[in-house]
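Read the structure below first, then the notes.
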Amino acid sequence: MPRKEFQQDVSKLLKLQQAFDESSYLRGLARGDEDGMLVFRFHYAGRRRVDVSLVFNGTFSSHLTQITPWWTDLFSGDLHTYPDGCSGFCFLDDSHADFRAAGAAEAVANVPISRQSIFQCFESCIIRLCDIFKTPSDPLLRILAKGTEASNSEGQVERGEVETFESDSSDDDCNYGSDLDDSISDLSGISDRMRELLLRDVNELISCGYKHQGYLTWPAENGFILYSSIWIQELVNSGILTQDQCLAWNLEPSKYMFMLMKFGPEYIEVLRKDNISYIRGMDTNPTAAYHPQPLVEFRVVTGDVPSLSATDGIGMFQANTANNDHLRLQNKTRQETRRTILSPFFLSWSLADILNRRFLVLLSYRLQFGLNWAGAELMYERRNAISGNQPDPCFPSGDPHTRSTDWDLCRSADAQELTFIQQHRHADQLNSLSADPADSTSKSNRFHHYLNFPLLALRYVIRRLALASRFCLVCHRQINKEFEPLKPFVCDSALCTYQYFHLGLGASIEQEIIHHPGVVDMLVSLAYVAAANQKLDPFPHGVGYMKFAVHPNAGQILLREGNFLSVQVEPFVRLAVGDMIEYCYQGQNFRVKVLAIDDYLEISDELPIINKRSVSFQDQQIPFKIIENHWLGWPIRQAGAVRAHEHKLVVQTLDQLPPIKDLQNALNQQLVTGFMQSKWSHQTEAQEEDSMNANVLDRETESKRQKMPQDCPTKQSPSYVDRGKSLTLRSTLDSINRLLYPLLRWIICSNRSHVKELVDDKEKVAGVGVGYWQFKMVMSNPDKEERFLKEQRALTARKHVKSLWAFHGSPLYNWHSILRTGLNFNQIVHGRSYGHGIYHAFESVTSLGYASRSSGGWPGSKTGINLCLSLNEIVNCPENFSCTTPYLVVPNIDWVQTRFLFVRRSYSASETASQTESLDQQFTCEADGVTYVPMNVNYTPSDGYQRPIRVPLSSAIAPVPESPEHNFVDPGLLQLAKEEEARTRRNVKRQRSVEPVDVLHGEDDMVNFNARAPSKREK
Ligand SMILES: [Zn+2]
């Protein structure tokens, strides 16, 4: 029976665990969380490591059919055919790795699993990893061979001679950081050639308008960091980003966006020879299952000033992720002394991820096949699909001139994007390979064989920024949706949802709660009402967690007959369908799964790990333990409507959520404590990490820990605060209900519009009752806005008033959906008696009729909202509408933009009727000094009692600030330039025949990196 064979193989492999552990770099070989999953850690450079998981398909979906966690749709295969037809995949977690792990993920993802035995898979995995980390693979393979031999002879595995290898202890010392000062250290490690190239590239960057470059050495890592910073306002001015995007992604226009590249020890050269370009040192065919990649690691963050200190730059790479709150906190303590405060923004993680994992491959596709970025990305998708093992046979490899459908697809993707960019943005240079596209062929300088690597990377980052909302934050695939949201999100794939919500990637909900508690309150309330009305859409599919817990001494088995057990369960234990029961009978262990609970337990056959022998026992009480291992939360998307109990679970979970204001207070408390106590020490982190690993290995301990009452948030251990990771609500919320944090995260992160609470009267719409909470909304991305403006220009060319303003009312339970998927015809619930389109009214009272009040809002809400309507801007072309009286029915989505949201709170019981009435009669007045938008006299919005609604103009046109004066000269680059100059002089002296070559086209070093690079004017 192949299944059994598989389990036997796993057991055999696991017997080698000790031998592997002693090898000092392959450790912790064990079964994964799931059956059919093998995990191990591959250590390199001392403390660094990657965590590898091998998954064999179908191994657990057949046991656990009752539950539907995120992965069940990934695994449709079965182990019945093991090893001949079984499939699966291999992936790694590199959160404990550094730049040297570049390429490891790809190499591991390409491990062939189909038609392989577990030994074969394991072997190819080892070979690939050893290759990447330049570690000898022989000792490991020898251990493995011993195991295979032993398994063939069915004998006991003897531990053979195991060679142990000292890990490279020179890299072991990670204790830099605090003691590193900002002065430039010894630069002798850089070769002349590298320095020359680097300076050439930097000068070229400057000539392309990227003014701020910097260079930091990192002697301890035998590498260096090159960074570019761009004033974010400049991206806004050049039309690449909009103000709204900046707001939504927490990019302050006054700040700088940094792209950091860590090289080590070699710089990356992109060579061009006989019209063929390639990356030096990289396999020319990047599709090869394993391809070496030069080492470079990226980070994308923001900072207050254009320059960067060595400590800050290096600090970015010491942190595990580019989007970590503790960095922000840590840097807060330095505010007094340091020049730069680096902080991640909404897209930091996603951008760093695609750069680190894909950029080199994408670039090599571009070079090899003559594609643009969009085409290269599509080619990457086609060739590295998740099944990934077999290369696509219809795809040509190597020959750029071979025509195929896929290649044509890539070309058309390029063409599409080009049209798109040209229509909407002034970013024509984003796809260019060379620094000066107009002049690329006739360049006469001696560097014309090279392409500028940092420039290419920088342009790629800017392109991804400009097009961010089109792509999934996790898998980076293009999302094809009708609604174009302002904030990017994850695609529908279960894997992306899982990663986003479980690994805590992307936006920080803590920051949202600290800075926008009112908005969070509203989002939670809207989700709550939608769920209570069975209308939560989008729904938190795939949000939840895998519960694993062991309850020893859970009870006794009294009787077994066939597949039915009579049991007595201890009062504190709750048994659920899907749990495992483990017991020992006559010296043998048995494990069964609970299929149904009635007077008797219906159980599965014994699982194959344990001897398969049906037993029945009489007159004995056999103690058993319960192993809980099942999915808690909401299942992945399934066919058919979301079921009532799943909606109910949302309501029940949110019932337990504390008021947002309380969470904000708790976070502020943490910030203060963290600020006082934060002494970020690398050593502490390392120690703690080790102890955490020990815990993970010891499942029993772990599960016991989980069963213990959770720490009260106020009683957190000091070390927890010390690590600066205290800015999290997770532990607080987990102690209440472990579904709370993922659900809250989903509610906040799945909101794809930018919502701003209006506090200042100058920003508020005048004529609206003071009982309403006002929010400014940006729902759609700049492209939708662009289409709106285009329609407006076309249809109102001869009109003085360009826009109409009207209300849209909809029941409260619909707004969760509207904020996420936009207004569309599906939202029309009141019939179409006045034609096809989005229904509006000029009098708010009319819309209020449709925004029927709902009772039973979220109990934790500060205000208890019970009513919601929006004020939309509509292209002033009433002659084209389906209807104008009594309703304004707009047939084209592109003619409507949602601008304001008015949320009415319910009055508390303590408020008297007269108070309520007086609130109802007060209105926001027109503020002094504010210009209001002119209205079409025939179609003016009002409250229904002739009181006009006035929309402030202020936010419409923001003044473009001037570029600040910078005198930023990077000392690192200066030093490099000096060295280069000295070297050139030496050479010249030696030759004594040639005039000195002035590499930097200038006399004063201080000016070189500011403006003296060859500019277009000088040509
Ligand atoms: Zn995705």
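Each reported figure results from applying straightforward, stated rules to the coordinates on display, with no laboratory input. These figures come from a predicted structure and were not determined experimentally. Cβ: placed from backbone, ideal geometry, glycine included. Neighbour counts: every protein chain shown.
With the simple spin-label model, which puts each label point 7 Å out from Cα in the Cβ direction, the residue 926 to residue 247 separation comes to 2.3 nm.
Note on residue 191/residue 599: beta-carbon distance plugged into 1/(1 + (r/R0)^6) with R0 of 51 Å gives a FRET efficiency of 0.05.
Over the C-alpha atoms of segment 503-570, the Rg to Rh ratio, Rh being the Kirkwood estimate, stands at 1.28.
For the peptides 485-496, 978-989, residues were scored by their other Cβ atoms within 10 Å and the scores averaged per peptide; the highest-first order is 485-496, 978-989. When the pairs 134/262; 481/762; 764/784; 661/762 are compared against a 29 Å limit on Cα-Cα distance, 481/762 fall above it. Per 0.36 nm of contour for each residue apart, how much would the distance between residue 556 and residue 656 grow if the chain were fully extended, relative to their Cα-Cα spacing? Here the answer is 32.6 nm.
Residue pairs exceeding 18 angstrom between C-alpha atoms, taken from 487/648; 547/593; 255/776: 487/648; 255/776.
Among 736, 225, a tally of other beta-carbon atoms within 10 Å of each Cβ gives an order, fewest to most, of 736, 225. Peptides 574-580, 778-784, 374-380 ranked from most to least packed by the mean count of surrounding Cβ atoms within 10 Å: 374-380, 778-784, 574-580. Packing around the peptides 792-801, 746-755, 658-667, 123-132, taken as the average count of other Cβ atoms within 10 Å per residue, puts them in this order, highest first: 746-755, 123-132, 658-667, 792-801. Sorted fewest first by neighbouring Cβ atoms within 10 angstrom, 210, 600 come out as 600, 210.
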